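Enquirer: This is the structure I want to talk about, given as structure tokens.
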Amino acid sequence: MLRKAGIIGYPLGHSISPHFQNAAFEFSGIKASYKAWSTEPKDLADKVNALRGTSFMGANVTIPYKEAVIELLDEIDDWAEKVGSVNTIVNDCGTLIGYNTDTAGFIQAISKYGNYDPSGEAVLLIGAGGAARAAAHALVGSKVGSLVIANRTYHRAERLASEFPEKDKVSPILLNGPSFFNAVDSASLIVNSTSVGMKHTSGEDSNLLEGICVKTSVLVNDMVYNPLETPMLIHAAETGARILTGLPMLVLQGAASFNLWTGREAPVDVMFLAAQEALAD
């Protein structure tokens, strides 16, 4: 029987997950197919419920459903519950279990590919959605020195910051407000968790650090992976900062999902190569 998996989101024109997940299945000798399932909000419940079928291993979940999907599942693991965001669903004999692999993928990416240890450091996180929630919990769990969450809608940043008891460490600010420029100046890591800069979106030409000089000691990470070098990363590199694309996090969180579905170690190098080839097309 051909096993099935896929990614649920809307829209999904940008996704390269099928390319590297299918490459991983083929390399590992697993008879499985991974597809992009563009799902409108009205169809989300039916799409998730269909994953209970015996041929389905599970699914990845992306924008805008990482939080909304939780109520449609039978169980979520402790970490996903704490984070409040699910990006991986596993079908366990008809029982749908939610996990969050974004957090591990994010920390592994900044550590291995950004040569960055957040312990004791000052971090600026842009955005307050599901991806930001995962990054915030990962950073606080890694004993970040201070975390500033900047968002265009202040109350969303405030709501995310309120999830952490470390009030002296985690603070919300308004994106591009007076405190934003101070936060940029103080941070050793700046992370964009929003879709700003993503190809084929209204904000693809936007740079969240427009007109701001970023210090050379700073690592700037954009979770957007298509294009690999977003306007924000190009700007940061031009000012001398170190940059990290969104590809490592994407592949590493996908590798963790592969492990959960198959019980086997993901061929990460194969997945990286397939992802890079997909972006080059």
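The values are calculated or read from the model by the stated rules, or taken from the named source; none is laboratory data. Quick caveat, the model's predicted, so the values are computed rather than measured. Using ideal geometry, Cβ is built from the backbone for each residue, glycine included, and neighbour counts are taken over all protein chains shown.
Enquirer: Among the listed residues Ala136, Ala128, identify the single one that is assigned to a loop (DSSP other than H, G, I, E, B), outside the structural domain of Gln21 (by TED's automatic domain parsing), of a type outside the set (S, T, N, Q) and crowded, with 22+ Cβ neighbours inside 10 Å. Explain how you work it out, then say what you get.
Expert: Numbers: Ala136 fails: assigned to a loop (DSSP other than H, G, I, E, B).
Unique residue meeting the criteria: Ala128.
Conditions tested, residue by residue: (1) surrounded by fewer than 22 Cβ atoms within 10 Å (Cβ to Cβ); (2) in contact (Cβ under 8 Å) with a residue 12 or more places away in the chain; (3) out of contact with any Asp or Glu (no Cβ under 6 Å at 6 or more places or on another chain); (4) outside any loop (DSSP other than H, G, I, E, B).
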site: Ile190; (1), (2), (3), (4): no, yes, yes, yes
site: Gly203; (1), (2), (3), (4): yes, no, yes, no
site: Cys213; (1), (2), (3), (4): yes, yes, yes, no
site: Thr216; (1), (2), (3), (4): yes, yes, yes, no
site: Asn221; (1), (2), (3), (4): no, yes, yes, yes
site: Gly240; (1), (2), (3), (4): yes, yes, yes, no
site: Met249; (1), (2), (3), (4): no, yes, yes, yes
site: Gly254; (1), (2), (3), (4): no, yes, yes, yes
site: Leu279; (1), (2), (3), (4): yes, yes, yes, yes
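Enquirer: Given the residues Val86, Val90, which is the only one that is surrounded by 16 or more Cβ atoms within 10 Å (Cβ to Cβ) and within 13 Å of the chain's Cα centre (by Cα)?
Expert: Working: Val90 fails: within 13 Å of the chain's Cα centre (by Cα).
Sole residue among the options that is surrounded by 16 or more Cβ atoms within 10 Å (Cβ to Cβ) and within 13 Å of the chain's Cα centre (by Cα): Val86.
Enquirer: Report whether or not Leu244 is surrounded by fewer than 24 Cβ atoms within 10 Å (Cβ to Cβ), in contact with a Phe, Trp or Tyr (Cβ under 8 Å, 6 or more places away or on another chain) and touching a residue at least 60 places away in the same chain (Cβ under 8 Å). Before the answer, list the steps.
Expert: Values: surrounded by fewer than 24 Cβ atoms within 10 Å (Cβ to Cβ): yes; in contact with a Phe, Trp or Tyr (Cβ under 8 Å, 6 or more places away or on another chain): yes; touching a residue at least 60 places away in the same chain (Cβ under 8 Å): yes.
It is true that Leu244 is surrounded by fewer than 24 Cβ atoms within 10 Å (Cβ to Cβ), in contact with a Phe, Trp or Tyr (Cβ under 8 Å, 6 or more places away or on another chain) and touching a residue at least 60 places away in the same chain (Cβ under 8 Å).
Enquirer: Since Ser179 meets every condition but one in (1) farther than 24 Å from Ala109 by Cβ; (2) of a type in the set (Gly, Ala, Ser); (3) assigned to a loop (DSSP other than H, G, I, E, B), which condition does it not meet?
Expert: Result: Ser179 fails condition (3) only.
Enquirer: Just for segment 54-80: of the residues that are among the charged types (D, E, K, R) and modelled with pLDDT under 95, which one is surrounded by the fewest Cβ atoms within 10 Å (Cβ to Cβ)? First the steps, then the outcome.
Expert: Initial filter on segment 54-80 (among the charged types (D, E, K, R)): 66-67, 71, 74-75, 77-78.
Now drop any that are not modelled with pLDDT under 95, which leaves 66-67.
Numbers: Lys66: 27, Glu67: 15.
For segment 54-80, the residue satisfying everything is Glu67.
Enquirer: Which of the residues that make up segment 51-67 are more than 16 Å from the chain's Cα centre (by Cα) and over 20 Å from Asn22 (Cβ atoms)? Lay out the reasoning, then the answer.
Expert: Going residue by residue through segment 51-67, those that are more than 16 Å from the chain's Cα centre (by Cα) are 51-58.
Within segment 51-67, Arg52, Thr54 qualify.
Enquirer: How many residues does segment 241-281 hold that are under 24 Å from Lys199 (Cα atoms) and either touching a Pro at 6+ places or on another chain (Cβ under 6 Å) or not hydroxyl-bearing (Ser, Thr, Tyr) (or both)? Write out each step before concluding.
Expert: Keep residues of segment 241-281 that are under 24 Å from Lys199 (Cα atoms), which gives 241-255, 271-281.
With the extra rule that they be either touching a Pro at 6+ places or on another chain (Cβ under 6 Å) or not hydroxyl-bearing (Ser, Thr, Tyr) (or both), the set shrinks to 241-244, 246-255, 271-281.
Total meeting the criteria: 25.
Enquirer: Would you confirm, using the coordinates I've provided, whether Phe181 is in contact (Cβ under 8 Å) with a residue 12 or more places away in the chain, of a type in the set (Phe, Trp, Tyr) and closer than 20 Å to Ser119 by Cβ?
Expert: no
Enquirer: Sort out which residues of segment 107-125 are of a type in the set (Gly, Ala, Ser) and part of a loop (DSSP other than H, G, I, E, B), and write them in order of number. Before you say what the answer is, go through the steps one by one.
Expert: Narrowing segment 107-125 to residues of a type in the set (Gly, Ala, Ser): 109, 111, 114, 119-120, 122.
Gly114, Gly120, listed by residue number.
Enquirer: Any residue at all in segment 146-165 that's in contact with a Ser or Thr (Cβ under 9 Å, 6 or more places away or on another chain), under 17 Å from Leu189 (Cβ atoms) and either hydroxyl-bearing (Ser, Thr, Tyr) or at pLDDT below 95 (or both)?
Expert: Yes, because at least one residue in segment 146-165 is in contact with a Ser or Thr (Cβ under 9 Å, 6 or more places away or on another chain), under 17 Å from Leu189 (Cβ atoms) and either hydroxyl-bearing (Ser, Thr, Tyr) or at pLDDT below 95 (or both).
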